[in-house]
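Peer 1: Got a structure for you, questions after.
Just so it is clear, none of the values below were taken in a lab; they were calculated from the coordinates. Only a predicted model underlies this, so the values are computations on that prediction, with no experimental measurement involved. Reconstructed Cβ throughout: ideal geometry from the backbone, glycine too, with neighbour counts over all protein chains shown.
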Amino acid sequence: MTDAPIRIVPYDPRWPEKFERERALLATLLNPWIAGAIEHVGSTSVLGLAAKPVIDIMAGVETLRASEPAKAVLRENGYQYAEYKSDIMHWFCKPSAAYRTHHLHLIPFESTLWRERLAFRNVLRRDAVVRGEYEALKLELAKKYEFDREAYTEAKGPFVARVLEKHARPERA
């Protein structure tokens, strides 16, 4: 699988609309497996934040095992499944790894990962200082790891953990 290079672009006011269109499609496709909301997460969900121009979507499912059949339905509708962190999510990109417009994460609803992703997004939405620090970090890491998405994502981890510890503290189940 050939990965697209990491490219950070200025905020695009069309991102929420792109999410809403995809959310409507996914609500229909994933109806048998949805156990919670379909959320816009990631940097494209934060007004004013520069981001990779890829809409990140998180859909709450009851369990990963129960949502296995969703993989076939999503493949038939343009999503490519990848074995990435398969112990905590089903991860997809659309239309391909080389050209991505959407990432979809099927995650157990109300799991720790679910709550942390929403908490981090919400801190970024309300705290301009944290948002600016995160944007600067992303720009720096995108240059350093232009062709290594996994390293780029992993390198953001300590920042995310610090923000969650300081600002969010999602409740534990």
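Peer 1: If you split all Cα-Cα distances of the stretch 19-138 into 10 Å bins from zero, what percentages do you get per bin, shortest first?
Peer 2: 14, 45, 33, 9, 0
Peer 1: How about the stretch 38-118: which chymotrypsin sites (Phe, Trp or Tyr not before Pro) there lie in a loop by DSSP and see at most 13 other Cβ atoms within 10 Å?
Peer 2: Hits after loop and neighbour filter: 99.
Peer 1: Excluding residues on the same chain fewer than 8 positions from residue 94, give the lysines whose Cα lies under 21 Å from its Cα.
Peer 2: Here the lysines satisfying the reach criterion relative to residue 94 are 18, 52, 71, 85.
Peer 1: Oh, and also: Run down the lysines and flag those whose C-alpha is under 17 Å from the C-alpha of residue 166, throwing out any fewer than 8 positions away in its chain.
Peer 2: Straight-distance partners of residue 166: 156.
Peer 1: Here is a further query. Give the longest segment of the chain that steers clear of GluC sites (Glu not before Pro) in DSSP loops with at most 11 neighbouring Cβ atoms within 10 Å, not counting the sites themselves.
Peer 2: 84-170
Peer 1: Here is a further query. What value does the stretch 1-62 have for Rg/Rh, both radii from Cα atoms and Rh as Kirkwood defines it?
Peer 2: 1.03
Peer 1: Which loop trypsin sites (Lys or Arg not before Pro) in the stretch 71-134, with loop taken from DSSP, have no more than 16 other Cβ atoms within 10 angstrom of their Cβ?
Peer 2: Filter output for the stretch 71-134: 85.
Peer 1: So what's the stretch 110-173 giving for Cα Rg divided by 2.2 N^0.38 Å, two decimals?
Peer 2: This ratio for the stretch 110-173 stands at 1.17.
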